[in-house]
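Undergrad: First the structure, then my questions, so here it is.
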Amino acid sequence: MNNSITQNATRALLYEVVTLPKPGLVDPLSPGPHQDMNIYTFIDSSLSLTNYFTAAFNIGHDFKAADLTEMFFKLRQKGIAAEKDMFQATNGINTHKGAIFALGIFVCAESYCQKNQTEIFTTIKKMCTGLVEHDLKLNNQLKTAGEKEFQQYGAGGAREQAELGYPIVRDVALPFLKKRTGSLQTKLLDTLMKIATVTVDSNLIKRAGNYEIINWLQNKATSYLKLGGYNSAAGKKYLQEFNQECLEKNYSLGGCADLLIVTIFMALERNYL
Ligand SMILES: CC(C)(COP(=O)(O)OP(=O)(O)OC[C@H]1O[C@@H](n2cnc3c(N)ncnc32)[C@H](O[C@H]2O[C@H](COP(=O)(O)OP(=O)(O)OP(=O)(O)O)[C@@H](O)[C@H]2O)[C@@H]1O)[C@@H](O)C(=O)NCCC(=O)NCCS
Ligand SMILES: Nc1ncnc2[nH]cnc12
């Protein structure tokens, strides 16, 4: 099935990756600190997910029971299969693991909300109730970076955002993007940095090997926005230097990128762009 929700999901992935210069992330000018991927890997990865978005749409559209955690459970099975499709399309490189999770939730929830006239962030909260406890607190085989970070620092990462109903998107990124003026490139770069002012990015913690790095990121992003963001000469120069610093230190902002992707998706759905 082709409809605007699934198309907007793919558009969101592509809008994010073509935006440049993004510190710590792949863009058309540079793979940044991700030497195993480039812009073409992201195009292949994005296109490999179109069937997944259709599946996520259908799950939301067809779901009729009262307990929305069951809808998330159905989606998760499709998400696991989508990760395999992504790895096949990218020859084993992790481009979009976080986005498969987050954007799948948004597509499914948006489809459910259109059918049932409910509010999306509340719907997501209901879908993801108990996720942190299920995946992190009751799991005694913590293997992935996010799982280990929960054990070490109590950071809930991608799962916590989902269970809380994506407050960073709802309260910070989406209102900011809606108001921001300038070119689309400026708006998306500034929104990425706005996200970085408040995100505990598990990807960055893993690369840096410490939790204190989050303070560094949040201070950097705040300084950039204080300078006037990408619309100002000082902001532009600051972002270029920040980009270079992430490259030299091998710092990735993968979690912030995923939150930008779902913010773009919501902005497209609400005609803010
Ligand atoms: C819940 C899952 C997302 C998986 O969690 P998992 O425990 O497997 O992994 P985490 O380490 O927790 O990573 C989750 C990814 O989510 C992104 N992220 C990080 N912080 C946040 C945040 N605060 N809010 C939202 N999202 C966040 C981030 O994804 C991006 O980074 C990835 C690229 O990283 P990179 O470093 O290049 O690649 P690596 O493979 O890590 O290797 P190196 O290069 O470093 O050596 C990329 O994916 C971005 O999108 C985090 O990485 C979900 O997958 C899950 O539920 N998994 C279980 C299986 C399942 O049910 N799957 C189906 C889901 S519907
Ligand atoms: N542009 C990007 N670079 C690296 N990881 C990402 N995850 C999502 N978008 C990304």
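Undergrad: Residue separation times 0.36 nm, minus the C-alpha to C-alpha distance between His61 and Lys226: what's the value?
TA: Numbers: separation 165, 0.36 × 165 = 59.40 nm, distance 4.26 nm.
My answer for the length gained is 55.1 nm.
Undergrad: Right, here's the next one. For the chain, what D do you get in µm² per second when you plug the Kirkwood radius from alpha-carbon pairs into Stokes-Einstein at 10 °C and 1.306 mPa s? Walk me through the numbers on the way to the answer.
TA: Details: Rh = 18.7 Å.
Answer, rounded: 85 µm²/s.
Undergrad: How many Å² of accessible area per residue for the chain, probe 1.4 Å? All intermediate terms of the calculation are to be shown ahead of the outcome.
TA: Values: 12310 Å² over 273 residues.
Normalised by residue count, the accessible surface of the chain is 45 Å².
Undergrad: Taking 8 Å as the Cα distance limit and 6 or more residues as the minimum spacing, I'd like the relative contact order of the chain as a percentage.
TA: Values: 407 pairs, mean separation 68.5, N = 273.
It rounds to 25 percent for the chain.
Undergrad: With every protein chain left in place and a probe of 1.4 Å, what is the accessible surface of Leu20, to the nearest 10 Å²?
TA: In the full protein context, Leu20 sits at about 40 Å².
Undergrad: Quick check: convex hull over the Cα atoms of segment 1-135, volume per residue in Å³, rounded to an integer? Could you put the intermediate results ahead of the total?
TA: Details: hull volume 15.5 nm³, N = 135.
Per residue, the Cα convex hull of segment 1-135 comes to 115 Å³.
Undergrad: For Gln35 and Gln151, compute 0.36 nm times the residue count separating them, minus their Cα-Cα distance, and round to one decimal in nm. Intermediate results must be reported in sequence, preceding the final value.
TA: Details: separation 116, 0.36 × 116 = 41.76 nm, distance 2.88 nm.
So the extension gain works out to 38.9 nm.
Undergrad: Let me ask another. State the percent of C-alpha pairs, over all pairs in segment 157-211, separated by a distance greater than 19 angstrom.
TA: On the way: 545 of 1485 pairs.
Cα-Cα pairs in segment 157-211 separated by more than 19 Å: 37 percent.
Undergrad: Using a 1.4 Å probe, how large is the accessible area of Met37, given in Å² and rounded to the nearest 10?
TA: Roll a 1.4 Å probe over it and Met37 shows about 20 Å².
Undergrad: My understanding is that a pair violates if its Cα-Cα distance is over 19 Å; which of Lys194/Lys237; Lys194/Lys236; Lys78/Lys137; Lys74/Lys126 do that in this structure?
TA: Numbers: Lys194/Lys237 17 Å; Lys194/Lys236 15 Å; Lys78/Lys137 24 Å; Lys74/Lys126 14 Å.
In this structure, Lys78/Lys137 exceed 19 Å between Cα atoms.
Undergrad: Moving on to the next point. Show me 63-69, 228-234 ranked by packing, highest mean number of other Cβ atoms within 10 Å first.
TA: On the way: 63-69: 12.7, 228-234: 16.1.
Result, highest mean first: 228-234, 63-69.
Undergrad: Using per-residue counts of other Cβ atoms within 10 Å, averaged over each peptide, order 158-170, 73-85 from highest down. Present the calculation step by step, with values, prior to reporting the outcome.
TA: Values: 158-170: 20.9, 73-85: 16.2.
The packing order, highest mean first, is 158-170, 73-85.
Undergrad: Among Leu131, Ala145, Gly104, which residue has its Cα positioned farthest towards the positive end of the charge dipole of segment 92-212, with +1 placed on the Cβ of Lys and Arg, -1 on the Cβ of Asp and Glu, and the dipole taken about the Cα centre?
TA: Toward the positive end, the furthest listed residue is Gly104.
Undergrad: Still on this model: What part of the accessible area of segment 1-92, given as a whole %, is carbon or sulfur when the probe is 1.4 angstrom? Please report the intermediate quantities before stating the final value.
TA: Values: 2450 of 4420 Å².
C and S atoms contribute 55 percent here.
Undergrad: With each run of n ≥ 4 DSSP H residues scored as -39500 (n - 2.57), what mean residue ellipticity at 222 nm is computed for the chain after dividing by its residue count and rounding to the nearest 500 deg cm²/dmol?
TA: Details: 14 runs with 177 residues, N = 273.
Using -39500 (n - 2.57) per qualifying helix, the result is -20500 deg cm²/dmol.
Undergrad: Which helices, counted as full DSSP H runs in the chain, have an axial Cα extent of no less than 30 Å and a Kyte-Doolittle average of -0.5 or above? Walk me through the numbers on the way to the answer.
TA: Working: long enough: 68-89 (31 Å, -0.23).
Helices meeting the span and hydropathy rule in the chain are 68-89.
Undergrad: Roughly what would the spin-label model give for Asn219 and Leu14, points 7 Å off Cα along C-beta, in nm?
TA: The two pseudo-label positions are separated by 4.0 nm.
The values are calculated or read from the model by the stated rules, or taken from the named source; none is laboratory data. Here the structure is a predicted model, which means the values were calculated and not measured. With ideal geometry, Cβ positions are generated from the backbone for all residues, glycine too; neighbour counts draw on all protein chains shown. These accessible areas exclude ligands, DNA and RNA; they are computed on the full protein's heavy atoms, side chains included. Shrake-Rupley method; radii C 1.70, N 1.55, O 1.52, S 1.80 Å.
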